Each structure stands twice: as structure tokens, then as C-alpha cells.
1. Considering segment B:580-596 alone, what residues qualify as being outside any strand (DSSP E or B) and either open to solvent by less than 10 Å² (accessible area, probe 1.4 Å) or away from chain A (no Cβ under 14 Å) (or both)?
2. Take the residues in segment C:1-34 that are more than 10 Å from chain A (Cβ to nearest Cβ) and assigned to a strand (DSSP E or B), then tell me which one is most open to solvent (accessible area, probe 1.4 Å).
3. Go through segment B:414-446 and give me each residue that's surrounded by fewer than 24 Cβ atoms within 10 Å (Cβ to Cβ) and among the β-branched types (Val, Ile, Thr).
4. With B:686, B:655, B:699, B:624 as the choices, which residue is at pLDDT 95 or above and within 23 Å of residue B:176 (Cβ to Cβ)?
5. Provide a single number: the residues in segment C:148-174 that are touching a His at 6+ places or on another chain (Cβ under 9 Å) and either part of a loop (DSSP other than H, G, I, E, B) or of a type in the set (Phe, Trp, Tyr) (or both).
6. Would you check which residues across segment A:132-144 are touching a residue at least 24 places away in the same chain (Cβ under 8 Å) and open to solvent by 10 Å² or more (accessible area, probe 1.4 Å) and list them?
7. Tally up the residues in segment B:351-399 that are closer than 16 Å to residue B:591 by Cβ, of a type outside the set (Gly, Ala, Ser) and either open to solvent by 50 Å² or more (accessible area, probe 1.4 Å) or assigned to a helix (DSSP H, G or I) (or both), please.
8. Sort through B:576, B:569 and tell me the only one that's away from chain A (no Cβ under 13 Å), under 26 Å from residue B:416 (Cβ atoms), surrounded by 24 or more Cβ atoms within 10 Å (Cβ to Cβ) and in contact with a strand residue (DSSP E or B) (Cβ under 7 Å, 6 or more places away or on another chain).
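The values are calculated or read from the model by the stated rules, or taken from the named source; none is laboratory data. Just so you know, these numbers come straight off a predicted model, no measurement behind them. Heads up, the Cβs are rebuilt from the backbone with ideal geometry, glycines too, and the neighbour counts pull from every protein chain shown. Areas reflect the complete protein model, heavy atoms only, side chains present, ligands, DNA and RNA absent. Shrake-Rupley method; radii C 1.70, N 1.55, O 1.52, S 1.80 Å.
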Amino acid sequence: MSEENQNPDLTDDEKRLFADLMPEDLKEIMDSGFNRRHFLKLMSIGGASVLAANLLGAEQVLARPLATEQAAATAAIENGVKLSFNINGASRSLTVDSRMTLLDTVRERLQLTGSKKGCDHGQCGACTVIIDGQRVLSCLTLAATCEGKKVTTIEGLANNNQLHPMQEAFIKHDGFQCGYCTPGQICSAVALLGEAKKGDASYVTSNIKQTGSAQQLSEDEIRERMSGNICRCGAYPNIVAAIMEVHSGKPVDQHFNFAG
Amino acid sequence: MEANQITGTPLNRIDGLLKVTGKAAYATDYPVKNLAYGYLFKSTVASGTITQIDDAVAKKAPGVITIITHLNAPKLNVKGGLRGGALLQGPEIKFNGQHIGIVVAETFEQARYAARLIKVQYSGDAQAKTDFEKLATQAVPAKEPEVRRGDVDSAMASAAVTVDEVYETPIEHHHPMEPHATIASWEGDKLTLYNSSQIVNGAQTSAAKTLNIAPENVRIITPYIGGGFGSKGGQWANLALAAVAAKMANRPVHLALSRQQMFNSVGLRQHNIQHLKLAATKEGKLLALGHQTTTHTAIDDEYTEPCGDCSKVLYAVPNALINYKVVPMNIIMPTYTRGPGKSTGSFALESAMDELAFKLQMDPIALRLANEPAQDPTTGKPWSSRKLVECLKEGAKAFGWHKRNPQPGKNIQGDYLIGHGVACGSYPARQRDSSAVIKLTNDNGKVQATVELAAADLGTGTYTILAQTAADGLGLPVAQVQIKIGDSDLPPAAGSVGSVGATSYANSVNDACSKITTELMMKSGKQFFVRPTAAQLMASERLSSFETRMDAKPLADADNYSAHSFNANFAEVWVNRHTGMVKVKRFLAVTAAGKILNPKTARSQIIGGNVWGIGMALTEESVIDPRWGNFITRSFADYHVPVNLDVGNLEAIFINEDDKHANKLGVKGIGEVGIVGVAGAIANAIFNATGKRVRELPITPDKLI
Amino acid sequence: MRPFKYTRATTLPSAIKELSGNAQSRILAGGTNLLDLMKEDVERPEALIDITHLPHSAVKSLSQGAAKSGVLLDALGKNSETANHLLIRSQYPMLSQAILAGASAQIRNMATNGGNLLQRTRCPYFYDVAMPCNKRTPGSGCGALEGFNRMHAVFGWSDKCIAVHPSDMAVALAALDAKVLAQNEAGQQRRLTFDEFFRLPGDAPEKDNNLQHGDLITGIELPASNFADHSYYAKVRDRSSYAFALVSVAAGLQLNGKQISDVRVAMGGVAHKPWRALTAEKMLKGKEATEANFKAAAKAEMAAAKPHEYNKFKIELGERAIALALTNALNYGS
């Protein structure tokens, strides 16, 4: 059974729903064969998803959320540090307790709860965000150290109502189950693409002395480079497939095998 | 599969968009106003009595709102259904890491720091029972029922070939990626608990009973759950303590366990010592099976992992003795952990079967095929369906089993010893009572459905399979079906535990679809040659809304059958002959689990279970220092959950099966069976690779050099 | 985590001045270990001096003209940048490999070269403030000595402490004879060999190294290496990635035909500091590079090991890892 022939045709209702979902992109999607098929998938998911998700509006899901600050009571801030940084394209200034991690700051103060606390000690990767292009752990980053930096969280990856290709690939390849590690996995995977382009090595790179060119990553290379993101549900093979698809630019087959 | 059915197709997860955008709201993602933060502090001794709690400094620390200990906590019902005690009801300490108090403060940083400032003194912990190796000899028969038929010992004495070995599995922890967390908020008498719960109504009633309030005053909200694996099935003290903290602070309180606190707060899979005896004829016909499990439980409550369950059903054997011994210890209460009993038990049974095959010079698959039972060997009931033979045969074909070298240690490539192993598994298929409400609306011809039930989706795919089931049942596109789950205000439903979730929920939704269609047909008063869909009826009757509720029950004769999912697992391992490090290069799980509602999410469930099995086989172990009874491996750096590189190519095959005896939809459940047999297959492959039979998990490098 | 004053330093000297002025202050660089320990209440500084943002992260060739004379790693260079720097990958591939064997991509993007050397032990008794630990609380005893000591030292331990140093990078640096550059308030630069820098636990396990409060690591100097063609970093661990070493070995060979003209072997996971396998090196120098010689040298090195109840396997594993690293250095290079 293959993925392609499993796409249910769109009903008029679905088209309408899709129009509600992505008004700007609809024409382009409908005009382009490749994109159409691609987006039909997203649509059949996205449509139901929005509905399933306790009625979050579509715009709310795909639009970049504003990082609105939840003001902290003044008594609640000790050794306050004034901080200005860019989060998901928006400038924000706030005063934080010197002890506050970037993770707790985005979650508890900026209402960006996509980044997750899985261990709070740099041992799981669920809190992975991208700072100035580098994937880092927000649980081991003091917010105070982010002065002037550009921070991207999972909420900042989609662009103009369009998911990042990595987000789409994770949906297609079912690169998650419970979804809790997913924001960290995706941020990590997005940064991994850049590292591979730079030609960065990993511990499983066979000839470390060979430098310079962009890396075409093997599955084991992706596995090693993603080993800082624990997925307890065990979606690893699907995560690797999703990343391979985006990294290689070629579709990775999905097999659903039945016998007997 | 019927034409145009969406059920059975690999529809992408309908909650996927929310999950990849960070919008799926887990317990502590709710923007509750005026939130205060709780932090638990815990005992540092394993038994004894608290003699003094000095919290004077902590009370004065900035931001502290209140400190709750047994000295000021309200009286709670310790038999209210929460597991593991630790409800701050007295000074007695029953295990190291028992909750002894909560600090509530303005911020997380302040609460955590203040908790560090509290000094606690204890007396009389000299008698703590913390050393399982020593206490195992004092174990007594457990409550878990014994299975006895014939005479194992006589059969062992006279059989041509026997295996008599002890297999040991360590304590494991569930470690869902989302540590247990709650936001508790009171409005008058009404309590809202945003809390990860595998059993929504169970969390509601146990919280209510423990807090001595009416269940209707407690609302559990848990639309997304960051994994559970059993640890969020029965709920633990932290749920009620969050409510207590919110009451005493007079504010909503956020209470999350730290990863370190997860080791002694929410149960564990206990350390099992399994004594296996197998007796067989020269031809490989099993004559006897003995399976005795010795384990530990909490000092004041008993749970025993049913390690003998697979031994009850997998093979035809005339003489059997399956029993349990247990010793109470000063360790937190054990609980259900993915594939409870079957995962660990099948490691022992299937390792022993492999040892037997080796002694018989018989192919391990042939040995299993030679002992296929016509009916349940323990209950004598007919199988609802059983396709284990197909699992083995199809798996052998797909895996290339015939290329395996039966002689261990002979398949060498460079630095690696390569081996192949097989092991089987099973898990009971059950349906539980579950209700569902379907609400249909018709807006100028656009019919939409809302399906409501207090089900849980902890990553299993509940949202998606229910949308598929309802779409087919109502004749609607899946995008016009809205699924509302994870809220105790919705109709009561079974839990996502023990592989009953999909079976119970999907059958209730399917029944509800049938019911609403029938009701609409009756309402129309017309005769139909072809049964119309609910969507068509809504349109033809020009109804703007219609709803019904179904209280679904298992089939009346379900108990007349023995219903299980079955699997056969095939592992290829590469063992580095210098370092002893093992890589699972290939793994194939062939599963017969009834009708598959969604092959994509089903495959994910299976490979996820396989990854758990890889962890059980190779990396996971929680270690207690008996001097203190505390966990030494109390972080993710010390407790090794498999990482991406630990996992090679995993393949899943489903055997076509439609089991109409198990339940109406013929669904058997796959969440648990995916881990069963995995550790056995890997251990057997390691034996094939190296000639070393490791009977003690996990198989770390030191055991292979 | 104890409340602390946060200061963003403007220059390295000002950071050192600030540091020297308060005995309870600490430098914040990558923070990957310090913050972790502060959350556990193991580290309890009252002031943090943030130097993360200071532009002191270069990898510089010290060569002048054609003469090879080594490389300087600035202290604030990130581990990932160092591992992927062309100079390091081409001339010190063993160091790249060792860095990449440690932690995760995210942590390597945060952790600094200087901080890597200052990592504290991962001994679980050290991490749990409810447990005795002489390193954390001098005089409280060693929980690991009679406890669960599977991960612990087999060389150079004392009855006060049997912890191991957790770094992979430092193992390769030890093999490469790297030197640590440190600066104090008076502006004095010190250049310490690894022997001078790291300590064995002895009677004062609370001290991981011989820096004084107020010293700041400014760089790591790598002498010119003749091992780039034949070197390897082998790491044995309980899972295939993102785990501390049971045993690791950095090995480098300089060959004259089949003969070993120079050799370096250092081990991780076996001692309170990166352990130079001097016995093995001595045995191998001048010998032919054969697997049999590697094994004999490995055996001789591990003969002096003194294991504990749960880590006896480290003797055999150490032998195997040394032989493997040398064999791979010989056959594949890094």
C-alpha cells in the first residue's frame, strides 16, 4: 500500500475549509499539480486537525504567535536582569530573575509553550531551540545570556501560513507519537540541515580529515546527529525518514506491509 | 476493506499539525492566570519517622507563599485510588524519595530554591528493606493467581531434553518525555486539574475520592499527553497534592515532577528473577513448562508484574506451573509498565525456548511451530483468532531467516559478530465499557460531526482512528469530523491502558454511528433499500442538529473466547567483538492484532514498542543503593533510554486478520504487544552472534567481553 | 538554584577582576555543566560572571612560515566549532573525533573549550546532595567506594574519591600533550601541562585541578602533531551515542615504516583525570606496529589497574579499547 493512492479526493467542503485555512496559498496550490497533491495531504490532516484541536482557529495554528509577555510580579524577580532579544522575528524586552532559563522564560513569561521541559538538565533535547542559527538547549541557557540574540522556537518555524518542510515531513512520516519531544526534534533537525550544508562532521563520519564540502548524510549520520533528542515513544525511524526526505530533497518511501 | 473507507488507510495523524507547530497543549501549557509554582521535596531515608522539619528559613525566602507538610496538610483519603501513598498524611517514611512536602512560591525558581532550604530529621530507619538480592529468599507467594496442571518436576526428571535456567530483569522506569505535571485550579468547590492522564475518568474519581469531594466537582483536562506507558494510568500522589497546594495557596498551582523525581514518584517496573523450566521430547514436543517469578512490591501494597502471562498462552504443554513470589520492600510501589509482565516474561520464556532449540539442534521457528496449541492451553477456551503461525512463517520469509547460520559465533564481518534471533509474544485483547456522544450539525447542507468521549491519546493515535471510524460510520469526509477527547466532562470512556483504548473507543464510536443512523432513519419514517448514511439523512431531513449517546459494551460472549494479539519478532544484531557494543541493525515485528484501523499510526505503535524492547534488552536499568534505598541512576545521563543511533532499520508487517469474536470491529490493540518478545529476539540474536547466553538484562558491553 | 548576581563582563580582564573580588563567584561560559550542577544545588555560586558573548573563540595556527608549531584554541571557542575547524580536522583529527564523541550536537554548540576541561565528575553520589561525597562536601565520605561504582576509576583513585573525569575532548588533548593557558588578576599568563593542570583526588578530591580562584583559562595550546596520519578515538559506552564513556582511548602513532617512532595513548573513564597510558607508550616506542604488540602494551598498562566491586570489567575492556584504538589508528587513521 503506498501513500500516494491513499489521498482521499477533496470534497467541496474540504476545499472551502482549505480556503479558510490558507487563503493566500490556495490559488497557487490549486494551480500546481505537485503542490496540489502535496497540500491535499496537509489539508486533509490540517482541516481535521484544527477541528480536533479543541477549536483552535486555523490562523492561530499557522500564524506566528505573538510572544506576549506575562508580566511577573515585581516581588517574584530576584537579581533582575534586563534583557532585549529577538524571538521568532519579534523584539522583546523584559526583566528576568537571573536564575531563569531561556526555556522557562519562553514558556512562563512569553507564552511560547512549544519548547518542552523533559529533563531540565540537558539530557533529553526536548527544549532545543535555535539561537543565531545554532541548535542549543534552552534549559541550560540562562535567559540573561541571550541579550541581543536571535532565538527561534518551534513557533517561529512556519512562515506565512506555510509549514517549514521539516514540519510537513514529520507529519507525513509520522515522526512523533505523543508529540512532546517533537518541537525539540524539529528544531534540532532544521539546524542539522545547515550543519550538513557546512560540511560539519560527526562521530560516525568515516573520514574526518576530508573537509570542505556539503555532506550527503547517510541514515547513520542522521541517527548520530539526532541522538541528542530522546523520543521515548520510539519514533526514531520515522524521524530519520522525515529528515532524510528534506535533506535529500527526494521522497522517502513509506511501507505499510500486510501479509497472510 | 470496503471501497472508499477511510478506516484502514494510513491517514496522517489529525493532531499532527498541532504537534509539529508546538500548539498541542500539554498539562502545563495552559495560560492559567495568577499561577503559583509548587516544588516537591522528598525523604532522603527509606524508612523511619520524620522527627523534625525545619522550614523557618524557607518560609522567609523571597516569593514563598506556603509550605505544606504532614503537619499542616488536610486529611486525605489514602484509599482513594491514588497509587503509591506519599500523601503527606503522617510522619512515617516508607521509601526513599517519598514526598514529604511542597513549597509553593511565586516562581519556579523560588519554589525550587526554598525547597532546598528545608532541613528534615528522621529516626529509626535501620530496618529499611532495600536490598532485593538479599530479600528475594524471603519472598512469599503473591496474590497473582498460580496456574498448575500436571506435574512439572516429574516431567523434567524424565524428559529427553530440559532447560532449567534463571533470567533476571532489572528495575525500569517509564520515563515519558513529559514528566508528570499538573496545573490545579479551584473556583469555589470546583476543581480543574490540567493533568496528563491515560485514564481520564480514573484520574477524576481517584482525585475526588482522595480529596474527599464529589467527582462531579473535579474536571480533568488532558487533550494531549506527553507519553505515559503505564505511569499515567493509575495516578499518583502529585495529582492530589497539586490540588491541596492550590487550595492552601488560594491560587492556581503548577506542580511538575523533575526528571530526578520521576524515579521515586510514579511507580516502576520491578526487578524480576524468573526461574524457567522447559522439558521436551527429542522431537521438540514440549512436556513441561515451569515459570516462577520472584519480585518485590511496596511495603504496604502489592503489585506483581504478571511475567508468566505469555507462558500461559503461547505453547501447548501438558504440565505447567506458573507462579509468583513477592517480597515487600521500602521502594516505591511498582506499577504497569509497557507490556506489563509479557515483555519481561517473554524475555525469559523465549530465551529458554531458544536454549531448548539449540540443545535439540532444532530451528527455533520449527520448535515453536511444533508446539502450536489448538486452544488456550490454560483456560481451554477457543481462540478468538490466533495467527501466530502466520506471523512466524511470513516473518521468516520477509526476514530471510533461511540464511541464518544456526551455529553461534560463525558469522563474522570485520569487527562485527552478526547474529539472528526470533522470539514470540502475545498480549490480551479486551474491550471495556465506553460511552460516546455524536453531535451532528447541518449548516446549509454542510454536515459536520462532533464525537465526544473522555478518551485519552498519549501518542497512540486515538484522535486519528476515531476520526476515521466516525467518518466511515457517518458517511462524512474525515475533515468534517471533530474529535473531542481528554476531558472528564465528556461521556465516560475506558482508558488508554492495557491495549484496551482503540478497541473500546473505536467500538463505542462505531456503535454510536450505527445508533445515530438508525435513529435518524426512524425519525424520517421512510423505508430504505440501501442503508443511508447519517450525513445523507441529516440533509434529506433538513435537520439542523441531532445527537445521540451510546454506552457501548463488549460483546456478550466475548468471555467465551481467549483473545490475544500475537507477534513474531526477528532481530539482526551486530556485536562489536572488541568492545561488546551491540547494534540492532534490523528488526522485524510481524503482528497479528485483528483489524488495523490506521496502518501508519499502527506501524508507529509497533516500532515504538520495538524501541522499548531494544532499551530493555540493551540499555535500561535503574539501580538502587541498598544502603539508602535511593536510586543511583537518577538522571537521563545515568538511565539510558535508547537514542536514535541505537535503533537500526525497523520493519513492521501486519497479518490480515478480522477477529469478530474479540469485538464487533475486530480490533485487538497494538500498544502493548509491540514490546513483547523484543528483548528475547535480541538476546537470542546475541547468542547466535557470539555464543554467549546472557540471562541478565540489560546486555551492556561489559557482559559481552 | 541559589539566587545569584549576574554580571555581563565586557572584557576578559574585567571578568577576571570581578572573579577575583568574590570567592563565591563563578565564570559562566557554556554553562552546560555549571547550570546543571546549580539546579542540583551542588554548585552554589552567589555571583555569575557571564563571558559567553566575549569575542575570544578563535582557532589560530601558531605556525610561522613553513615551520609547524601548533595551534591555539581560544577558551571560548565552542566545542562544535573546534571539532569542525579545518586545522583541527586535518592536523588533529583525533581531537575532532573525541569532541564529536561527547555529549550531543546541541551541547557541543554551547560548551566551550575551556569549560570542557572544567567539567566536574558525573559520579551520581556527587550529583545527589543527599549522598555523602568528599568532592562535594569534604569530610562527608565517599558514597561510591562501597557503592555502585560501575562507572568509576581504576587508576589513581584514593579512598577519599574514586570519581572519573567525564570529558572526551580532554582525553585527546592529553594524548596530544596540550597545554592549558591561564591568566590571573595580575595579568600573569601561566602555561600548564596536563600533568600540572589536572589532579588525582588524593586527600583533597574537592579540587579537580590546580587552578586558583581568580584564574581564568584563556586558551589551550596544541603542539605540532605528527599523529594526524595515524590516530583514533575509540569510545565504549552503554548506548551508541549521548552517553559517558565506560572506557575511551585516544591513540596516535607516528610510524617509520613498520616501526613506531612515537606513540600516544590516553584513556578516559578510568581516572580522576585523563589518563596517559605511559606504560603502554613506553612499551610500544621503537617496536613494530602489530596487533600483538598493541595487545601486550594494553595488557601491561591495565595490569596496574585497581578496580572496585562493579567495575572489574574495565580491566579487560581497557585492554581491548587500547588495542582497538591503536589498531584503528594504524589501519584507518581518524
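1. Of everything in segment B:580-596, those that are outside any strand (DSSP E or B) and either open to solvent by less than 10 Å² (accessible area, probe 1.4 Å) or away from chain A (no Cβ under 14 Å) (or both) turn out to be B:580, B:593.
2. Once the filter is applied, the top-ranked residue is C:26.
3. B:418, B:437, B:441
4. On the way: B:686 fails: within 23 Å of residue B:176 (Cβ to Cβ); B:655 fails: within 23 Å of residue B:176 (Cβ to Cβ); B:699 fails: within 23 Å of residue B:176 (Cβ to Cβ).
Going through B:686, B:655, B:699, B:624 in turn, the sole match is B:624.
5. Going residue by residue through segment C:148-174, those that are touching a His at 6+ places or on another chain (Cβ under 9 Å) are C:149-150, C:152-158, C:161-165, C:171.
Those still in the list that are either part of a loop (DSSP other than H, G, I, E, B) or of a type in the set (Phe, Trp, Tyr) (or both) too: C:149-150, C:152-157, C:162-165.
Looking only at that region, the number is 12.
6. The answer is A:133, A:134, A:141.
7. Of the residues in that region, 11 qualify.
8. On the way: B:576 fails: surrounded by 24 or more Cβ atoms within 10 Å (Cβ to Cβ).
Exactly one of B:576, B:569 is away from chain A (no Cβ under 13 Å), under 26 Å from residue B:416 (Cβ atoms), surrounded by 24 or more Cβ atoms within 10 Å (Cβ to Cβ) and in contact with a strand residue (DSSP E or B) (Cβ under 7 Å, 6 or more places away or on another chain), namely B:569.
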